[in-house]
Amino acid sequence: MSLETNAPPAPAPSDFIRELVTQHVAEKRYPKIHTRFPPEPNGYLHIGHAKSICLNFGIAHEFGGVCNLRMDDTNPTKEDIEYVESITTDVNWLIAGWADRCLGLTAAQLPFYASDYFDQLYDYAVALIRQGKAFVCDLSPADMETYRGAPDRPGKDSPFRNRTVEESLDLFTRMKNGEFPDGTRTLRAKIDMSSSNIWLRDPILYRIRHAEHHQTGAKWCLYPMYDFAHCLSDYIEGITHSICTLEFEVHRPLYDWILQNLALPRPLPHQYEFARLSLGYTVMSKRKLMQLVEEKLVTGWDDPRLPTISGLRRRGVTAEALRNFAYHIGITKYNGITDVAVLEHAVREDLNKRALRRLAVLKPIKLVITNFPEDQTEELDAVNNPEDEQAGKRKLPFSRELYIERDDFQEVPPPKFFRLKPGGEVRLKYAYIIKCDEVVKDANGHVIELRCTADLDSKTGGATAGRKVKGTIHWVSVAHAVDVEVRLYDRLFTVAEPDAEGDFKAHLNPHSLEIVTAKCEPSLNDAKPEARYQFERIGYFTLDKDARLSTNNPQLIFNRTITLKDTWAKVVQK
RNA sequence: UGCCCGAUGGUGUAACGGUAGCACAGCAGACUCUGAAUCUGUUUGUCAUGGUUCAAAUCCAUGUCGGGCAACCA
């Protein structure tokens, strides 16, 4: 069984951006479609980034183009090599077997870096100064703010705006050479301080930062701002469609201004914007995720409860499920909140197809088959995956003493309870129909054991195998059971919009993780980290990265990816 | 009080002047050795008011509501 398939979601999605690309292809506007995914390496990627990755790589994939992974690393004080590594891993994982052939710089699956272009960017800045379109400004940060004005109030020209080209050139060189401390001078574009668009009010192009950069080391103390670096990085890489989120809409005129004022010979890239993903019952901003990690409210960036790509992966969500999810939510300019149920559905749909079925009892109670011989073990046939005949079968040991799920027995059952009850019958999955004869309790009245008789002809192929009983429950043989740690994850937050108002941490779900020791069928001893399992009637599980897989001390740890849908639980609630 | 962008069932989306469709969720039923899966049926919608038109979710105007923009962040 392979975890990644080559099947793209079909049919190919359509949205306003793809429509534009289709049009551009028809017009032969570009020799090749070229997109990019440009994260800043200042945090881990999350499912919102997955949406963007699927869009950018999806377009490259569908139109025979290329998509670059580029680290937008223009601010060394916020960035770290740990993040470039995690981002590279996550992107490669998400596109593997799907759009990995569209990746620019494929050989080693390495990213591009905006910092690779610092020399060229510097030259472009000099060109702008020479044309009188940029100047060195000596305003302090505080004065800069005053001069900028406000959205409803025009700004004021900097007193340094009419400095000569020669003087700006000289100062800019000296800024580069480290002659001035941080914050003393900037390079600014000369556009229009009275523009209704703040981003056109002589925006800063370069600032001084005496800081070590994770890629360029100590070479620079002068770093370009996003607006200057981004459009030019796109141009340098030959990007045709630069797709970003809505908040950059107001930056587009600046993006175009910089490119148009540089007399560039090749066709210019264009920026298009779409709405970022908001998902219910979680938070998505890097700041908040960072807070959860730093305050140890979760175990790390890859905590399975987080919406990070690494967290979802650890949780057991597959890349294909994430891609299908991205396909289903679409691309628009409307800022809505996507129901987590859409994600959950994509995950279940995917796991249902690939998960191997296994029997595991999470909260056990002992059950004795009084008419089954004490020292006998029977090997039963069990199907690995009813959705996939190729997955084959396995043997399941059955014996006199079993564990069943505590919840599958009720002494005083509610109406329509199809499971085990005193005097009632139920089928043991893959085995016999049993009848509950006796309920054994301890001194406090707690049920500690159930004594049952089996219809020994009711096994598959037996004389009474066709008998209909309403309920089927799972079980594990006591003598053969394997103890494993199971981590039951639930939503991290108790409300759909934790960041709607007030402190989002006030809405943390105190029960987002429950750890139990489960009793599993012995075949799970051979569980594989890349495999997905369905514990029948419970949910989907996968091995955690912490699981020790040595044969001597096989401490198995399973993460619950998601529960099975549970219609009965809803009935009980009502 | 400026500028930009949005608004289609509960949620996310499609319909590009001509039958408002899809998915998720919900509800009801069938089937079932997983109360899963699968299958069938089904409730619910064009922000408002005008205008243009034989015809408006779609075009125009006004309004309402929501989001974004004033880091030497991205």
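Taken together, the values in this text are just the output of simple stated rules run on the coordinates, not laboratory data. Remember, predicted model here, so these are calculated numbers, not experimental data. Heads up, the Cβs are rebuilt from the backbone with ideal geometry, glycines too, and the neighbour counts pull from every protein chain shown.
Just a few scattered comments:
- Listed by chain and number, the aspartates and glutamates whose C-alpha is less than 20 Å from the C-alpha of A:Lys435, apart from same-chain residues fewer than 8 away, are A:Glu374, A:Glu378, A:Glu401, A:Glu405, A:Asp407, A:Asp408, A:Glu411, A:Glu425, A:Glu449, A:Asp455, A:Asp457.
- Mean separation of Cα pairs under 8 Å and 6 or more residues apart, divided by the residue count, gives chain A a relative contact order of 12 percent.
- The lysine pair count for the range A:121-226, using Cα distances under 26 Å and pairs eight or more places apart or on different chains, is 6.
- Taking amide H as placed 1.01 Å from N in the peptide plane, the amide H of A:Thr338 sits under 5 Å from that of A:Ser278, A:Leu279, A:Gly280, each at least 5 places away or on another chain.
- Amide H contacts for A:Leu103 (H built 1.01 Å from N in the peptide plane; partners 5 or more residues away or on another chain; cut-off under 5 Å): A:Cys67.
- Backbone geometry of the range A:216-225 corresponds, through the Karplus equation with coefficients 6.51, -1.76 and 1.60 at θ = phi - 60°, to 3J(HN,Hα) couplings of 9, x, 9, 4, 10, 10, 10, 10, x, 7 Hz, x marking Gly and Pro.
- Per-residue ³J(HN,Hα) for the range A:269-277, Karplus 6.51 cos²θ - 1.76 cosθ + 1.60, θ = phi - 60°, Hz, x for Gly and Pro: x, 10, 9, 10, 10, 9, 6, 5, 7
- Computed magnitude of the charge dipole of the range A:147-257 (debye, nearest 20; Cβ of K, R +1, Cβ of D, E -1): 360
- FRET efficiency for A:Lys366 and A:Ser14, using Cβ-Cβ distance with R0 set to 41 Å, rounded to 0.05: 0.10
- The alpha carbon radius of gyration of the range A:121-226, expressed as a multiple of 2.2 N^0.38 Å, is 1.06.
- Less than 5 angstrom separates the built amide H of A:Lys393 from those of A:Asn384, all sequence-distant by 5 or more or on a different chain.
- C-alpha center-to-center spacing [the range A:509-533, the range A:23-91] in angstrom: 34
- Compared with the direct C-alpha span, the chain from A:Glu167 to A:Trp568 gains 136.6 nm at full extension, assuming 0.36 nm per residue.
- Inter-part distance where the range A:226-256 and the range A:300-350 are each reduced to a Cα centre, Å: 27
- Lys/Arg +1, Asp/Glu -1 at C-beta; chain A dipole; positive extreme among A:Asn559, A:Phe417, A:Ile538: A:Phe417
- Taking label points 7 Å from Cα along the Cα-to-Cβ direction, A:Asp123 and A:Lys78 give a separation of 2.9 nm.
- For the range A:476-574, the set of GluC sites (Glu not before Pro) satisfying both a DSSP loop assignment and a count of at most 15 other C-beta atoms within 10 Å is given as A:Glu501, A:Glu530.
- According to the Kirkwood relation over distinct C-alpha pairs, the hydrodynamic radius of chain A is 27.6 Å.
- Dipole of chain A [Lys/Arg +1, Asp/Glu -1 at C-beta], most positive-end residue of A:Pro373, A:Asn509, A:Cys102: A:Pro373
- Size check on the range A:360-474: the Cα extents along the three principal axes, sorted descending, read 49, 35, 29 Å.
- On the basis of the beta-carbon distance and an R0 of 22 Å, A:Ala142 and A:Tyr226 show a calculated FRET efficiency of 0.50.
- Eligible lysines near A:Lys429 by straight Cα distance, threshold 19 Å, same-chain separation 8 or greater: A:Lys363, A:Lys366, A:Lys393, A:Lys395, A:Lys421, A:Lys459, A:Lys468, A:Lys470, A:Lys519, A:Lys565
- Straight-distance crosslink candidates among lysines, where the alpha carbon sits under 20 Å from A:Lys505 and sequence neighbours closer than 8 are dropped: A:Lys286, A:Lys288, A:Lys296
- Per-residue 3J(HN,Hα) values for the range A:156-170, derived from phi via the Karplus relation 6.51 cos²θ - 1.76 cosθ + 1.60 with θ = phi - 60°, read 10, 4, 5, x, 9, 4, 9, 3, 6, 4, 4, 5, 4, 4, 4 Hz in sequence order (x marks Gly and Pro).
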